[in-house]
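I have a structure I would like to understand better, so I am pasting it below and will then ask my questions one at a time.
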Amino acid sequence: MIEEIMRDAEERMGKSVHALDNAFKRIRTGRAHPAILDDVMVPYYGAETPLNQLAAIHVEEGRSLLIAPWEKSVIGDIEKAILKSNLGLNPSNNGDSIRVPMPPLTEETRREYGKQARHEAESARVAIRNIRRDANSDFKELAREKEISEDEARRAEDRMQKLTDKYVDIVDTAYKSKESDLLSMN
């Protein structure tokens, strides 16, 4: 029973870290990265379709993205979708492909993205702590129902705290890495 709760908690904590990684990919750092466009949806035959399903996206010279649509007829729609995405990007269309230069970040935008990254990291920490709280209440419930002893519940809570600390450290490391990316002037 305890192992099942521990496995479930670890799986959920892993999902929180994965969600944080995805959130960090959407925060641009001045360098070109195709994941920046993951949330861009393009109207395609009446349905909103992710951009990465309509085109190949390549990094070009580290500072721009080259988008090569598989159908030339959607170039205009892709360009409009990027402009509407509020990413602060200005695509240029040459008829066959779209180039998206990454504008250099100003000090103010770096600070804003830093705040956004800090908020995402704190949300992940809160999610991990909530998972710990849920697991600990499950342990207490098992002890109350006499399915496990008080000592077993206490040991399980100690193990859960170590697991929580491990995942919070992963979040902190990811945040520090993203923060250093944002602050580096390249």
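Read the figures in this text as sums done on the coordinates, not as results from a lab. Remember, predicted model here, so these are calculated numbers, not experimental data. With ideal geometry, Cβ positions are generated from the backbone for all residues, glycine too; neighbour counts draw on all protein chains shown.
What's the center-to-center distance, using Cα atoms, between segment 1-49 and segment 119-186 in Å?
Their Cα centres are 19 Å away from one another.
Near LYS15, which lysines are there with a Cα under 30 Å away, not counting those fewer than 8 places off in the same chain?
Qualifying lysines at Cα under 30 Å: LYS25, LYS84, LYS115, LYS140, LYS162, LYS166, LYS176, LYS178.
Can you give the FRET efficiency to the nearest 0.05 for ARG159 and LEU87, using r as the Cβ-Cβ distance and R₀ = 35 Å?
With a Förster radius of 35 Å, E is 0.25.
Shifting gears a bit: Identify the GluC sites (Glu not before Pro) of segment 128-180 meeting these criteria: DSSP loop state and at most 16 other C-beta atoms within 10 Å of the C-beta.
Qualifying residues, ordered by number: GLU145, GLU147.
Between VAL126 and GLU107, 0.36 nm times their residue separation minus their Cα-Cα distance comes to what?
Additional length available on full extension: 4.0 nm.
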